[in-house]
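All remarks here apply to the structure that follows.
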Amino acid sequence: MALLDHAAATYRGAEGFIDSLCTPDHAIISARDLAIIVAHPDDETIGCGAQLRRFREATIVVVTDGAPRNCDDARRHRLSGVEAYAARRFGELRRALALADVSENVIVLGISDQTAALRLAELTHAIYYLLVQRKIGVVLTHAYEGGHPDHDATAFAVHTAAALRKCRGQPVSILEMPFYRAADAAWAVQTFVSCPGQQETTIRLTEDEQELKKRMFAAYVTQRKMLDSFSTEIEHFRPAPNYDFTSLPNGGLLLYERHQWGMTGKLWQALVGAALRELGWKDQPCP
């Protein structure tokens, strides 16, 4: 696939960005005011890997180091400890992004995997300052879906930072991507929780884009089993709803309560309430 580098598409806001994504010529998009903010190394590839090489000058932010502190993953991959596993995850991230010709504007915040929800106010401040410093107008991030607590923590921080920007007269449009969530006894993968009035956009990838995404997946050797669950044929996007993060997502059906990821619905609600108070809001930010 030849990318049209001589005439980068431009956009305004979430709807304009979606329109640019859907152009049939798959042109490069001038994206200096775009940030892709995700929880883990590999989330950027799952969510929008086939599009990354189109986003000229976009900022990619990875919230965690991808290395749970219980050392189980490190032992599984015969590594000496958490630090070695985090380094492996970082190396995989760099190799995957290099395949998409992304080498600059990559920020890893380095929060421990599975602990982002314990640092919601701090994470919100960090993302807020990134939005300000880089003059970000559009963010592509996680849907609030009750899948992984780091995903939901990232969504909270993005939405809350954007609300603070809005309160100060600088609106930020948020687009979201689906990852995984609970569905009865199974996982629902790459599908949004239903939200009336929110239009979804599905991009069917070309053969070249599918091949790129497969090679990016392959760069994440430590995540091979997990990534086998995801399609390399489609990517989904929609403008994010105005979430109430004090309410549980996905109708209260929470995947993280089925796994040892350090989170329950009750704890999540307590953490959100505490973070909002620390940030100076009684409940939801910026009415």
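Here are a few things to note about the model shown:
- Residue match in the stretch 256-264 (condition: outside any loop (DSSP other than H, G, I, E, B), among the charged types (D, E, K, R) and either under 25 Å from N70 (Cβ atoms) or without any contact (Cβ under 8 Å) to a residue 12 or more places away in the chain (or both)): yes
- Just one of (1) crowded, with 20+ Cβ neighbours inside 10 Å; (2) at pLDDT below 95; (3) not β-branched (V, I, T) fails for Q199. It is (1).
- Test for A35: is it modelled with pLDDT under 95 and either closer than 19 Å to V102 by Cα or aliphatic (A, V, I, L, M) (or both): no
- Residue selection: L97 fails the criterion of being at pLDDT 95 or above and closer than 21 Å to R165 by Cβ.
- Take the conditions (1) of a type in the set (A, V, I, L, M, F, W, C); (2) touching a strand residue (DSSP E or B) at 6+ places or on another chain (Cβ under 8 Å); (3) surrounded by 23 or more Cβ atoms within 10 Å (Cβ to Cβ); L130 misses just one of them, which is (3).
- The set of residues from the stretch 250-266 being closer than 12 Å to H151 by Cβ and either in contact with a Pro (Cβ under 7 Å, 6 or more places away or on another chain) or small (G, A, S) (or both) comprises Y256, W261, M263.
- Residue among R134, R165, R181 that is over 22 Å from A67 (Cα atoms) and in contact with a helix residue (DSSP H, G or I) (Cβ under 9 Å, 6 or more places away or on another chain): R165
- Top-ranked residue in the stretch 128-180 [being closer than 19 Å to C195 by Cβ and of a type in the set (D, E); ranked as farthest from the chain's Cα centre (by Cα)]: E145
- Residue-level analysis places A153 outside the set of residues that are small (G, A, S), touching a Cys at 6+ places or on another chain (Cβ under 9 Å), closer than 18 Å to G273 by Cβ and in contact (Cβ under 8 Å) with a residue 60 or more places away in the chain.
- Selected residue (criterion: farthest from Q210 (Cα to Cα)) from residues of the stretch 52-82 that are under 14 Å from the mean Cα position of the chain (by Cα) and of a type in the set (S, T, N, Q): T64
- Any hit, the stretch 56-71, residues being at pLDDT 85 or above, among the hydroxyl-bearing types (S, T, Y) and crowded, with 16+ Cβ neighbours inside 10 Å: yes
- All conditions in (1) free of Cβ contacts under 8 Å to residues at least 12 places away in the same chain; (2) more than 19 Å from D152 (Cα to Cα) hold for E209, with the sole exception of (1).
The values are calculated or read from the model by the stated rules, or taken from the named source; none is laboratory data. If you're wondering where the values come from, they're calculated on a predicted model, not measured in any experiment. Cβ atoms come from the backbone with ideal geometry, glycine included; neighbour counts cover every protein chain shown.
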